[in-house]
Amino acid sequence: AIQDEGPRTANGNPPTIYAPQHIHHTDNTRFSRDNLPKNPLEDDSPWYLDKPDKGYVNLCDA
């Protein structure tokens, strides 16, 4: 059975059945479990990376 997803929301975003997907925005290769930063605030890599494209995930899959 296929469910009707409904109309798109404002600005052409996906229907309300979809939620914005959280993308962990950091450099996963800079620090590791064996190479931890000395201070948790030291991992400033999100400041220097390009923001990822906005993604959406179905609420049933979230």
ask   = Quick one: what pairs do we get from region 10-21, first residue aliphatic (A, V, I, L, M), second in a loop (DSSP other than H, G, I, E, B) and loosely packed, with under 13 Cβ neighbours inside 10 Å, C-beta under 8 Å, 6+ apart or different chains?
value = 17/3; 17/5; 17/6; 17/59; 19/59; 19/62
Top-ranked residue in region 12-52 [being surrounded by fewer than 12 Cβ atoms within 10 Å (Cβ to Cβ) and basic (Lys, Arg); ranked as modelled with the lowest pLDDT] = 51
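The values are calculated or read from the model by the stated rules, or taken from the named source; none is laboratory data. All of these numbers come straight from a predicted model, not from anything done at the bench. Counting neighbours? That spans all protein chains shown, and the Cβs are built from the backbone with ideal geometry, glycine included.
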